[in-house]
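Read the structure below first, then the notes.
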Amino acid sequence: MAAGLRALRRWGLVTAAPRPSLAFTRSASVVNKVSNAQPNWLGVGLAFGTSAALWALLVKQHNEDVMEYERRKQARDHKCRECS
């Protein structure tokens, strides 16, 4: 099998693999291996902080909506001769 591959290379039918340094010369970015030993604490803090802030806003809005619902419910059920 190796003799057949050498013959194909000699005739120019199969080219050798490009050098690794030239294969990635047009790359727009370089990807490094992720290190789990040192996490990105700034990113972790921003993610959890944003999540906590959104949950706090959601709970606050929910409480305001419940108070408005109760106020309107009382106003709707209010029946007196002075108001009508």
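The values are calculated or read from the model by the stated rules, or taken from the named source; none is laboratory data. Small disclaimer: the values here were computed from a predicted structure and weren't measured. Cβ: placed from backbone, ideal geometry, glycine included. Neighbour counts: every protein chain shown. For accessibility, only protein heavy atoms count, side chains too; no ligands or nucleic acids. Shrake-Rupley method; radii C 1.70, N 1.55, O 1.52, S 1.80 Å.
Taking region 47-76 as the range and being charged (D, E, K, R) and open to solvent by 90 Å² or more (accessible area, probe 1.4 Å) as the test, the residues that pass are LYS60, ARG71, ARG72, ARG76. Among the residues making up region 21-46, a single one is surrounded by 10 or more Cβ atoms within 10 Å (Cβ to Cβ) and modelled with pLDDT under 75: ALA23.
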